[in-house]
Structure formats: structure tokens, C-alpha cells
Amino acid sequence: MNAPQRDPGDTGGLAQVDGTSDGADGARPPVTETFHGRDPETVAAAAICKVTTTKCQARTRLYRDGQLELEGFPVTDISDYLTDRTVTIWLDLRRPSHDDLGVLSEEFGLHPLAVEDAGLEHQRPKLDRYGSHLFLTAYAAKLDTATGELASSELSAFITPQALITVRNDDGLDIGAVVERWDASSDLAKFGVGYLLHGLLDYIVDGHFETVQAMDDTVESLEDDLFAPNPQSIEVQRRSFELRKSLVKLRRIVIPMREVVNSLMRRDLHVVSDQMMPYYQDVYDHVLRAADWTDSLRDLVTTILETNLTIQGNRMNIITKKVTSWAAIIAVPTFITGFYGMNVPYPGFSEKVGFLLSIAFMLVAGFVLYWVFKRKDWL
């Protein structure tokens, strides 16, 4: 079988076994930071394996005929349970080592290239198709409203007809919240892997939407600061650049999800049943709204930056007019008093009346110039 080609210039989409991809052109998201959710030792505690051959922390769940039957069972028992076609398995590995990922190949017969990708960081959001399974990469996101920096958490997932395997290299994505979402819609468990995958994607996409909402609130505060009575141009510019950088990051995370979710809904993959299709359509709608909102905010932040520069230019023009006006007013008495430094007699030289006339002329000329400039709104 030919392996899916991994082009860092692509985004999202379904990579076929012949090396083609449904995704749109884009860039791999530059993930440099992750956010941390709740204590990883306590979330979904019932699902944590007490006995496991993996060195990393593992969580397991087993559904049979749409009912949660087991939690926290050993990873090595998974292959035995999968002989029953009514069983659906969830396995989660937290910060797995290379040997831990080898367990996946043994228990599920996963393609070595997909297992290799799961161990690598900074993968692009994508959906790769292999002979017996799909491989998904997605990112959870969170905005630090104080600094405007975006934190992201990478998740890899293997999708087989009877199992969903999630691999996390950090604790950013709150897997406990995903489990809670599954439990809140347990009536859909009868739809197997499609149900588990929907809960996972719904949580991730909702996180994207919340992040965009937080960015929108931050942009509104920037707009208020832009026209504040006591403007802080440097601070507005710094926050605008930081927010723009975060928006570019978020866009690289959110935009590919359109192709990922759209590809999952393809009927030839047999992942989403007809009953689950409306739920995936809802997730897809949220992805589209988040993507469109991100593009709108990026344009708005660019406008804020340009407006800030324009306002600074206007303020500089006002200051220049005021300085020029005062310089013109001061130039009149400077010109008149300059005669005092000359050794050439002039009208009123060495006479009291000349001094008084000079003072009167300076005052009148200064007042006239002040009135003219004030009328023209230069002062």
C-alpha cells in the first residue's frame, strides 16, 4: 500500500493512499506553546488503566451495544475485545514514548507511517486515509486575553471501524471534558466510533469558536483604546501585532478543519452513519462560522493597525500646526526687538515713544495672529 504523502505546504483534507489530498493549500501551524487544562491525573479517573504495559498514562473505555460496559481495563486486552463486532473501544495515550506507540501497531494493526506521525509534533491538521483506518490530526486552542498570545494543543487520533485511539503529547486538551461530553450524550453511543469521534471534534471545534469569541472581545477593547481620551498608541500597536500573530496561528488551525470534517462525512469512509450525519453537519457549520469569523477579525485587526497609524499622523499634523502658529506669533516681536541690536538709528531710536510704539505693535500683531490662527483652528 502506498503511504499518504506528507506535504507541509498542505492543510487539512483527506490524503489518499496514492498520495493525493482533498485539502486546500496552506501551512503547517507553528505550534510553540500549549495550554494546560485540569489535573491530568484526576480527569476521567475511572478510565485510567491501573495495569498497563505502556510507560505512559493510558485510559480505556468499552461500549457494547451502545452501553458503557468497562473502563480502565488493560491495553493488552483490547485485541481480545475487538473480536466482538458489537464492541466499540476508546484508548487514550498521554505523552507516549516510541515503545508505547509500538503497542498500537500490535493491538490494532496500524500503519507504521501513521504511528510515526502520531509521535511527531507540529503536524498539520489533516485526515489521512489508510487501508484499515484513518489518521486524524487536530488542535485545541486557547487565547490568553491578558497578553493576546494563542496557546494550542496537538491531538492525534486513529479511527478504525471499532475503535478510536487518541494520542496527546501534552496536557493542553482536557480529555476529561471530552469524556463528560460523551456521557452527556450517551444515547448516541449505539452509533459506535462515529459517536466518539463526534464528541471529540465537537469539543475541539467549540474551543475554536470560544477562542475566536475571546479574540473578538479583545478587538473591541482595542477599538475603545484606539479612540480613548488619553491614547496609548504604543500599547495599542503592540497588542494589535500580538493579536494579529495569534489570528494567523488560529487560522492555520481552524481553516483546515473544514476539509477534515467535510472528508469525514464522505459516505465511502463509512465513519458517519445517516443518524449521526446531522450532528456532524452541526460541527461543520461551527467550523465554517469560526473560519469566517477568523478571516473577518484578521481584516479588522489590520484596519485597527492602519487606523492607529493614521491617527498618529493626524495628531502629528495638529502638533505641527500648533508649533508653527506659535512660532509665527513669536516671530513678530523677535523681528521688532532685533532692531535693538543694530547700531543704525531707526524711527524712535533712543526715544521713549519709540519703545512704547514697539511694545504696542508687538502686542497688536501677536493678538491679530493669535485670532487668525484660532479662527482657522490651528490653535
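The values are calculated or read from the model by the stated rules, or taken from the named source; none is laboratory data. Note that the coordinates shown come from a computational prediction; the quantities given were computed from them, not determined experimentally. So basically every Cβ, Gly included, is an ideal-geometry build from the backbone, and we count neighbours across all protein chains shown.
Annotations
- Counting only helices (runs of 4 or more DSSP H) that fall entirely inside segment 56-162 and contain at least 1 residues that are modelled with pLDDT of 85 or more and under 22 Å from LEU201 (Cα atoms), the qualifying elements are 112-119.
Let's see how each residue does on (1) of a type in the set (D, E, K, R); (2) at negative phi; (3) assigned by TED's automatic domain parsing to the domain that holds PHE209; (4) in contact with a Pro (Cβ under 6 Å, 6 or more places away or on another chain):
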position	(1), (2), (3), (4)
VAL103	no, yes, yes, no
LEU110	no, yes, yes, no
GLU121	yes, yes, yes, no
PRO125	no, yes, yes, yes
ASP144	yes, yes, yes, no
ALA151	no, yes, yes, no
LEU155	no, yes, yes, no
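- Residue check for THR52: part of a loop (DSSP other than H, G, I, E, B), among the β-branched types (Val, Ile, Thr) and at pLDDT below 80: no
- Residue among ALA146, ALA138, ALA157, ALA177 that alone is small (Gly, Ala, Ser) and under 13 Å from the mean Cα position of the chain (by Cα): ALA138
- Members of segment 100-137 that are aromatic (Phe, Trp, Tyr) and closer than 15 Å to VAL260 by Cβ: PHE135
- Taking first residues from segment 66-84 that are in the same structural domain as ALA47 (by TED's automatic domain parsing) and in contact (Cβ under 8 Å) with a residue 40 or more places away in the chain and partners that are crowded, with 16+ Cβ neighbours inside 10 Å and assigned to a loop (DSSP other than H, G, I, E, B), the Cβ contacts under 7 Å between residues at least 6 apart in sequence or on separate chains come to LEU82/GLN162.
- Listed by first and then second residue, the pairs with beta-carbon distance under 6 Å, at least 6 apart or on different chains, first residue in segment 192-213 and free of Cβ contacts under 8 Å to residues at least 24 places away in the same chain, second outside any helix (DSSP H, G or I) and surrounded by fewer than 24 Cβ atoms within 10 Å (Cβ to Cβ), form an empty list.
- PHE35 in the same structural domain as LEU173 (by TED's automatic domain parsing), within 23 Å of the chain's Cα centre (by Cα) and either modelled with pLDDT of 85 or more or surrounded by 13 or more Cβ atoms within 10 Å (Cβ to Cβ) (or both): yes
- Residues of segment 42-55 satisfying the condition of being touching a Ser or Thr at 6+ places or on another chain (Cβ under 7 Å) and surrounded by fewer than 19 Cβ atoms within 10 Å (Cβ to Cβ): THR53, LYS55
- Here is the figure for segment 177-199: residues that are of a type in the set (Ser, Thr, Tyr) and over 18 Å from ARG59 (Cβ atoms) total 1.
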